[in-house]
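Below: the structure, in structure tokens.
The values are calculated or read from the model by the stated rules, or taken from the named source; none is laboratory data. Everything quoted here is computed from the prediction, not taken from an experiment. Ideal geometry is used to build each Cβ from the backbone, glycine not excepted, and the neighbour counts take in all protein chains shown.
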Amino acid sequence: MINPQSSPSEITVFAPAKINVVLRILDRRPDGFHNLWSIMQTVALEDEVQIRLRSDRTEIELRCDATQLAADRSNLVYRAAAEVLARSQQSIGLDIELRKRIPMGAGLGGGSSDAAATIIGLNRLLRLEWSPTQMADAGQSLGSDVPFFLFAPSAFVAGRGESVRPVVVEGGRWVVLVNPGFGVNTKWAYQELAATRLAVTPLSPVQQNLDRQSQVSWDQLIAAAENDFEAPVFAAHEKLREIKQNLQNYGAEIALLSGSGATVFGIFTNEARARQAQAQFANESSMTAFVVSTCSGPLGWRDERPR
């Protein structure tokens, strides 16, 4: 059991969104999934996962301020908490509150980040002392993006998402995230990609060169930027192509679909230019545009000890 005199009884973990600066979908695996190769970066649009230990019961109770998201056993936060308790053979109750800020089904990894935040929070609350690799192993079965968030802020991601190699990205950037107000189904995007492309294109020489480095610059990332989902997704959703073009017209160094969409992001060298670009979408009632910085550290938390 946990010693209440030396451990926090409550913790809030901040779960950031991610963007895929590069997302290549490669060959199909024997298990039916595709191998991917991606460079992911967290950005400062964050959900909050608050976890409180309850010694008077053993159930997990989850509350969420997003009414469209089920707060039951199907929720990734609930599943992550149950996985940690099972692996650590702990029998203790949890009150978990999920406060959503990241749009759902948007290609920003919100659900996966929430799951990773839950694992990090319980690792601290329960004093498990799991390494990032151990935490990622617990998160791997929950979602392909979960392991990345346990090595954030920047990493190369390969395989199904289980192979994560942190990378140092020199400097920071400002990011405009434009969510069109609708989602793109990931399974559909994979099916469309497989049906429409003639062959798998190997990594470019620029991407291969990046894959050998442990420290990269934004200029290198921008030169390698690419998302294989853009062709099939833009063919079905012309509005997303327009958003990308507008971000480029408003001064973005690059603009790209994140994940399978539907969020499109633009990378800017400074906040003023990013906010000028954000303002261009203000009259689009169906859209939401955020201006955020890239993150420079791992997922953070705030904990409270019993009084």
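Considering segment 174-207 alone, what residues qualify as being farther than 25 Å from Val43 by Cβ and more than 23 Å from the chain's Cα centre (by Cα)?
If the condition is that a residue be farther than 25 Å from Val43 by Cβ and more than 23 Å from the chain's Cα centre (by Cα), then Ala194, Ala195, Thr196, Arg197, Leu198, Ala199, Val200, Thr201, Pro202, Pro205 are the ones that fit.
What pairs can you find where one residue is in segment 76-92 and within 18 Å of Ser112 (Cβ to Cβ) and buried (at least 19 other Cβ atoms within 10 Å of the Cβ), the other is modelled with pLDDT of 95 or more and aromatic (Phe, Trp, Tyr), and their Cβ atoms are less than 9 Å apart, with a gap of 6+ or different chains?
Final answer for the pair search is Val84/Trp130.
With under 30 Å from Glu10 (Cα atoms), over 22 Å from the mean Cα position of the chain (by Cα) and outside the structural domain of Ala155 (by TED's automatic domain parsing) as the only criterion, which of Glu304, Glu238 stands out?
Selected residue: Glu304, the only one of Glu304, Glu238 that is under 30 Å from Glu10 (Cα atoms), over 22 Å from the mean Cα position of the chain (by Cα) and outside the structural domain of Ala155 (by TED's automatic domain parsing).
Going by the structure shown, is Phe234 of a type in the set (Phe, Trp, Tyr), at pLDDT 95 or above and within 21 Å of Gln41 (Cα to Cα)?
Spelling it out, it is not the case that Phe234 is of a type in the set (Phe, Trp, Tyr), at pLDDT 95 or above and within 21 Å of Gln41 (Cα to Cα).
Looking at segment 182-290, what helices (runs of 4 or more DSSP H) fall wholly within it and have at least 2 residues that are in contact with a Gly (Cβ under 8 Å, 6 or more places away or on another chain)?
Once the helices (runs of 4 or more DSSP H) in segment 182-290 are filtered for at least 2 residues that are in contact with a Gly (Cβ under 8 Å, 6 or more places away or on another chain), what remains is 186-196, 238-249, 271-279.
Which of the residues that make up segment 119-162 are farther than 19 Å from Asn75 by Cα, of a type in the set (D, E, K, R) and in contact (Cβ under 8 Å) with a residue 60 or more places away in the chain?
Scanning segment 119-162 gives Arg124, Arg127, Arg160.
What pairs come out if I take residues in segment 227-254 that are within 19 Å of Arg275 (Cβ to Cβ) and pair them with residues that are among the basic types (Lys, Arg) and outside any helix (DSSP H, G or I) whose C-beta lies under 8 Å away, six or more apart or interchain?
Every condition considered, the pairs that remain are Glu253/Arg173.
Grab the helices (runs of 4 or more DSSP H) fully contained in segment 89-171, keeping just those with 3 or more residues being out of contact with any helix residue (DSSP H, G or I) (no Cβ under 7 Å at 6 or more places or on another chain) and more than 21 Å from Leu26 (Cα to Cα).
Hits in segment 89-171: 110-125, 132-139.
Would you pick out the residues in segment 291-307 that are of a type in the set (Ser, Thr, Tyr) and either part of a loop (DSSP other than H, G, I, E, B) or surrounded by fewer than 20 Cβ atoms within 10 Å (Cβ to Cβ) (or both)?
Across segment 291-307, the qualifying residues are Ser293, Ser296.
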